[in-house]
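Take a look at the structure set out below.
The values are calculated or read from the model by the stated rules, or taken from the named source; none is laboratory data. What you see is a predicted model; the values in this text were computed from it and never measured. Don't worry about glycine lacking a Cβ; one is built from the backbone with ideal geometry, like all the others, and counts go over all protein chains shown.
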Amino acid sequence: MPSRTQAAPSSPLVRSRRIVVKVGSALLVDGESGRLNRAWLETLIEDVVRLRRQGKEVVLVSSGAIALGRRHLGLPRGSLRLEESQAAAAVGQIRLAHAYKELLEQWDIQVAQVLLTLEDSEQRVRYLNARATLNALLERGAVPVINENDTVATAEIRYGDNDRLAARVAQMVSADCVVLLSDIDGLYTADPNLDPKAKFVPLVREITPRIESMGGESASEFGRGGMTTKIMAAKIAVEAGAHFCIAPGSPRHPVRRIEQGARCTWFKPKSSPAAARKQWIAGRLRPSGALIIDAGAERALRAGKSLLPAGVTALRGRFDRGDTVSVIGADGREIARGIVAYSDEETSRIVGHRTNEIAALLGFSGRDELIHRDDLVMR
Ligand code: GLU
């Protein structure tokens, strides 16, 4: 293979397994005509296919619904009222999803549209459901294409920008890499349009107040102010253990270019996604309840397995699905803490039973595990 096409060993993208790629409106939709930049999108999709051939999983967070829809409703250029942009999103989203479907289908890849609201990432049970759905899609080889559910999001409770949505999605699916593609090519020490001495920052090891100040004050979508939300997104992603990259999106094959070491700004994660998740569980305040388990279940947990209902002998306290509970051994010692997949009431009906009996006992088929091993921290 000629060295030109070889991946630069330093690009964290090469080592990542689960990657979130955020695609900005300005790349997808031509500012003049309001039409989809299809030729460019084809090259992005080829990059996605390339990543998947390397055994990686890809989640796309795509903007562009409003930009794509407004022309079809005859809405003027410039800023829109909330209900106008929501109407434009309704028209644009179906076109956007269709474009992704058409292009990915050519490569025999299933595309799945997922529309999320801020509450889906902030409310525990909705978060868990969204997470389970995304994991199910990824496990089955589909490419989720995510956008904010603009038509129902209200002004007060919305992400508003897909940069933070992408970071929250990365946290949700424990992705190890987030790539933000937009018309901003990376981080500078000052606004390069105003300050000739502004320097490009290729690597951020830690998001210090000084780095945050490089985001600038304004938050307009097209100005450099877009950097502020990007740094906020970077903070979420690195805390969640993901590498984070701000890269120029407009060249053809934008992701392949990053893989090959093209200039962009990388933010280093604080730990791995798995470690970040466990820290988060361990750091959660008082457990809401407790599960008492037998010796066999204790051995299974110590061997890195999940907690199944069969190994639980009793429970204490009131809890909902998604709460943190203590796991107590037969001798009364706390063995672990974890996020429980059923409420106390449901748990009381399934404890001591086999996994294949859960559906009959509860009337719906939930998770096989009471606490999945990814959601469990040993004490
Ligand atoms: N959800 C908006 C759209 O699809 C875009 C938000 C953003 O650009 O960050 O049009």
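Among residues that are away from the ligand (no atom under 16 Å from the Cβ) and basic (K, R), R158 is not included.
In the set (1) modelled with pLDDT of 95 or more; (2) in contact with a strand residue (DSSP E or B) (Cβ under 7 Å, 6 or more places away or on another chain), the condition left unmet by R299 is number (2).
Meeting the requirement of 1 or more residues that are more than 26 Å from A136 (Cα to Cα), the helices (runs of 4 or more DSSP H) wholly within the range 292-379 are 295-302, 344-350. Here the range 178-225 is the region considered, the condition is being within 16 Å of the ligand (Cβ to nearest atom), closer than 24 Å to E259 by Cα and crowded, with 18+ Cβ neighbours inside 10 Å, and the residue that is modelled with the lowest pLDDT is I184. Output the residue which, of all residues in the range 342-377 that are in contact with a strand residue (DSSP E or B) (Cβ under 9 Å, 6 or more places away or on another chain) and among the β-branched types (V, I, T), is surrounded by the most Cβ atoms within 10 Å (Cβ to Cβ). Among them, the one singled out is I371. Screening V58 against (1) closer than 15 Å to I146 by Cβ; (2) of a type in the set (A, V, I, L, M); (3) assigned to a helix (DSSP H, G or I) leaves a single unmet condition, (3). Looking at G74, G78, G92, just one residue is farther than 25 Å from G141 by Cβ and crowded, with 20+ Cβ neighbours inside 10 Å, and that residue is G92.
The sole residue among V152, V169, V125, V145 that is of a type in the set (V, I, T), in a helix (DSSP H, G or I) and within 13 Å of the ligand (Cβ to nearest atom) is V169.
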